[in-house]
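The values are calculated or read from the model by the stated rules, or taken from the named source; none is laboratory data. For clarity, every value in this text was computed on a predicted model and none was experimentally measured. All Cβ positions, glycine included, derive from the backbone under ideal geometry; neighbour counts span all protein chains shown.
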Amino acid sequence: MATEPATTTPTRDDGVGFRSERGPILVAIMVTTGLIAIDATILATAVPTIVADLGGFSSFPWLFSVYLLTQAVSVPIYSKLADTIGRKPVILIGVGLFLLGSVLCGLAWSMPALIAFRAVQGLGAGAVQPMAITIAGDIYTVAERAKAQGYIASVWAVSSVVGPTLGGVFSEFLDWTWIFFVNIPLCVLAAWLLVRHLHESVERQKHRIDWTGGALLTVGSTLLILALLEGGNAWAWTDPRSVGAIAVGLVMLVGFVLVERRAAEPVLPLWVLSRRLLATTALVGVGVGVILIGLTSYVPTWLEALLGVSPLTSGLTLAALTLGWPLAASQAGRLYLRIGFRATVLLGIAIVVVSTAALALLSGTPSIAVVAACCFVIGMGMGLVAAPSLIAAQSSVEWGERGVVTGANMFARSMGSAVGVAALGALVNARMRGDDAFAAPERFGEAATAVFVAVSVVAVATALAAVAMPRDEHNAPTA
C-alpha cells in the first residue's frame, strides 16, 4: 500500500489560511473546486436556450445524467489510483479531461454530440471533485477542517452567484457555447497551481486495477439510466428494449458485486458498505445527490416556462440554493465539533424536509420570492448535511483508505444525482407526452410539482438514513 505523501507542509500546526504554509495548496484546492461548482449551476440556466438551438427537449436530462453517470462510475477507479500512485497525478488527469470535454461541448453541433461530450466532462469531474476533498482531508486535521471548510465553502458561495449570472448573460447576450469555453482559463489556472504548489512523494508499487469490475459497474449503471430516461418516452415501459435494459443492467451490477468480492484490489471495496458509518453516510450522499439535481435541473426551466422570466432571473433565483449551502457549511464545522456529526446531519436534513415540502405545497402558485426563499433554506439544510457526513466518513479511516472512502461517498452522491435526474426526467416526460415546457406550460407546471413532491419524499428517506448513523462517530480518528 502507498505511504502517506510528504506535502509542502511538513507540520500541521501552522494554522489554516492563505498565509499559512499550506495556503498555496488551499488556493489550488479552491480553484479546482470552482471548476465543479460553477458547472453545477451555469448549465441549468441555459437549458431552454440550448434546446431552442439544438432541439431535443425530451433528451435534455441526458445533459445532466450522462455527466453524472461518467463522473460516478469513474470516481472509484480514480480513488483507488489516488491511494496507490498519489493524489496529484490523478487530479491533473481530471483537470485535463474536464478541459477537453469543455472545449468539445462548446463545439457541439447537435444534442447527441453535446451529450457525448458532456460524458468526457464527467470523466474529468470524477477525478477533480473527490481528489480536492481528499487532499483537504490529507493536509488538515478534523479540527482544522472546520476552518478549511469555510474557505472551500466560499468557492460555492461565489459560484452560486457567478455561475447562474454567467449562464444567463451568455444565453441572453452572447452564445450558450461560452458556458463551456469559460472553463478553459479556469482549467489552465487550476493545473498551474497544482503543479507549482502540490508536492507529494509516494512509494510506487505495482497494483492491479480492477478493470472488469469497473466495466461491469459502468455498463450496468448506463443500462439502468437508459431504461429510466427512455422508458415511457422513446419506447413503452413494457417494450423489450426497456425490459432488456433493466434486466441486463441488474445482471451486470450483480456480476460487479461478485467480482468485487474476489478481486485482489477491487475498484469499490465491499468493506466500505459493511461498516455502519460508511454505509449510512453513503445513503445520505445518495439522497443529497437526488435532492440537488432535482432542484437545479427543473427550477430554472419551471420559472422560465410558467412566469416568463429571463434565464438570468431564473439563474439568480436558483443561486439562493447554492448560496445558502456554503453559508451553512462554513458554520457546520463548529457545530459538529460540539454536538457530533450525526446530530449536525439530523438538524440539517430536518430543515431540508420542511423546506422541500414547503416548495412542493407552494409550487401551484409560483413566485420568484417564495421559490428563492425555499431554495435558500433548502441550501442551508444541505450545508449541514453534505460536508459533515462526508467528513465523518473520512475521519474514520487512515490515509491509505481515505481516497477510497471519499470516492465511495462521492460515488454514492453522483449515482444519486444520475439515477435521480433519470427518474425525475422519466416522471416529467410521462406527463409532457412529447411537448416541451414552453409549448405546454400548465402541464409542465404540474410535472414540476410532481418533481418537487418526489424530492420531498427523498428528503424524508435521507432523514431515515441519518437516524441510522452511529451515535459515537465524532470519536473517530482525528488524523
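Considering every residue within segment 324-335, establish whether at least one is modelled with pLDDT of 80 or more and over 18 Å from the mean Cα position of the chain (by Cα). Yes, the conditions are met somewhere in segment 324-335. In this entry, Arg338 is excluded by the filter for residues that are assigned to a helix (DSSP H, G or I) and in contact (Cβ under 8 Å) with a residue 60 or more places away in the chain. If the condition is being without any contact (Cβ under 8 Å) to a residue 40 or more places away in the chain and either of a type in the set (Ser, Thr, Tyr) or touching a Pro at 6+ places or on another chain (Cβ under 9 Å) (or both), then segment 349-364 contributes only Ser355.
Of all the residues in segment 258-282, those that are in a helix (DSSP H, G or I), in contact (Cβ under 8 Å) with a residue 12 or more places away in the chain and surrounded by 17 or more Cβ atoms within 10 Å (Cβ to Cβ) number 8.
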